[in-house]
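Enquirer: One structure, pasted below without further comment.
The values are calculated or read from the model by the stated rules, or taken from the named source; none is laboratory data. Note that the coordinates shown come from a computational prediction; the quantities given were computed from them, not determined experimentally. Please note: Cβ atoms are built from the backbone with ideal geometry, for glycine as well, and neighbour counts cover all protein chains shown. SASA here: full protein model, heavy atoms, side chains in, ligands and nucleic acids out. Shrake-Rupley method; radii C 1.70, N 1.55, O 1.52, S 1.80 Å.
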Amino acid sequence: MKKHVLIFLLLLLPALCWAQRVRKTEWESGTLEKGDKVGVWEYYGYTRDGSQVILQKYDHTTKKLLFFRPIEDIFYDVELQPGQWTKSRVDQPPMFIGSDPALATYTAKLNYPLAAQDRKLQGKVIVSFAIDTLGQISNHKVVAGVGGGCDEEALRVSRTIPNQWIPARKNGRAVPVVYEMPFVFRLK
């Protein structure tokens, strides 16, 4: 009888391993279940001296931010009352789930337009978009551009970024903000 139970468990083990497995990379660690992130995940970054630090802890099951490493103090356009936008600090900035390394997988799809390369145009394009209280993004706009097709390319790439944002918080509640994202075009 024990032999049959042992054989059954050995046959079941690969199925259990496939159903749930731990994933650890240079940028993140957590549990995958049937290909989806579940439970608490840690997202990493590096300090200027090269030390690895935790940037975020996010519970994908409850969809809650558990920890974030504070970054520089930034003023955002914040909608404190419906239709009333004002520049303000927030208690928690808006964040892409997985932090900058996860966001970089989308921004790395930036293609330097040939027209800009031919004209030796370089610079930083700033694209703004609103992040609502549910982490959804909308109203993409170029607020500073360099021309030569770079502005349109930055806008195109910014629109490919998924709605995986943690909304900003002020006074204990989620608030809509306008977020500005830089896209750098530099000749090699």
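Enquirer: Taking the condition of being open to solvent by less than 10 Å² (accessible area, probe 1.4 Å) and closer than 22 Å to K124 by Cβ, how many residues in segment 166-180 meet it?
Expert: Going through segment 166-180 one residue at a time, the tally reaches 1.
Enquirer: Sticking with this one: Residues of segment 91-104 being in contact with a strand residue (DSSP E or B) (Cβ under 7 Å, 6 or more places away or on another chain) and closer than 15 Å to Y43 by Cα, which ones?
Expert: M95, F96, I97, G98, S99, D100, P101, A102, L103
Enquirer: Continuing with the same structure: Return the residues of segment 67-84 that are open to solvent by 90 Å² or more (accessible area, probe 1.4 Å) and of a type in the set (F, W, Y); say none if nothing qualifies.
Expert: F75
Enquirer: Quick check on A154: is it under 24 Å from W41 (Cα atoms) and open to solvent by less than 50 Å² (accessible area, probe 1.4 Å)?
Expert: So A154 does not fit the description; no.
Enquirer: May I pose another question? Which condition number in (1) more than 17 Å from L110 (Cβ to Cβ); (2) at pLDDT 95 or above; (3) not polar (S, T, N, Q) is the one that G172 fails?
Expert: Of the numbered conditions (1) more than 17 Å from L110 (Cβ to Cβ); (2) at pLDDT 95 or above; (3) not polar (S, T, N, Q), the odd one out for G172 is (2).
Enquirer: Looking at segment 101-134 only, could you name the residues that are charged (D, E, K, R) and either surrounded by 14 or more Cβ atoms within 10 Å (Cβ to Cβ) or under 23 Å from F75 (Cβ atoms) (or both)?
Expert: Within segment 101-134, K124, D132 qualify.
Enquirer: Got a sec? Which of K63, K87, K57 is under 18 Å from the mean Cα position of the chain (by Cα) and surrounded by fewer than 12 Cβ atoms within 10 Å (Cβ to Cβ)?
Expert: The unique qualifying residue is K63.
Enquirer: What's the total number of residues in segment 30-48 that are under 15 Å from P70 (Cα atoms) and open to solvent by less than 20 Å² (accessible area, probe 1.4 Å)?
Expert: Going through segment 30-48 one residue at a time, the tally reaches 3.
Residue by residue, here is whether (1) more than 19 Å from I131 (Cα to Cα); (2) of a type in the set (G, A, S); (3) outside any loop (DSSP other than H, G, I, E, B) holds:
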residue: Y44; (1), (2), (3): yes, no, yes
residue: G50; (1), (2), (3): yes, yes, no
residue: I54; (1), (2), (3): yes, no, yes
residue: Y58; (1), (2), (3): no, no, yes
residue: T61; (1), (2), (3): yes, no, no
residue: L66; (1), (2), (3): yes, no, yes
residue: D73; (1), (2), (3): no, no, no
residue: T86; (1), (2), (3): no, no, yes
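So that you can scan it fast, the table gives a plain yes or no per residue for (1) out of contact with any strand residue (DSSP E or B) (no Cβ under 6 Å at 6 or more places or on another chain); (2) of a type in the set (A, V, I, L, M, F, W, C); (3) more than 29 Å from L32 (Cβ to Cβ):
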| residue | (1), (2), (3) |
| --- | --- |
| Y58 | no, no, no |
| E79 | no, no, yes |
| W85 | no, yes, yes |
| R89 | yes, no, yes |
| P113 | yes, no, yes |
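Enquirer: So, restricting to strands (runs of 3 or more DSSP E) that lie completely within segment 122-188, which ones have at least 3 residues that are among the β-branched types (V, I, T) and within 20 Å of the chain's Cα centre (by Cα)?
Expert: 123-131, 177-185
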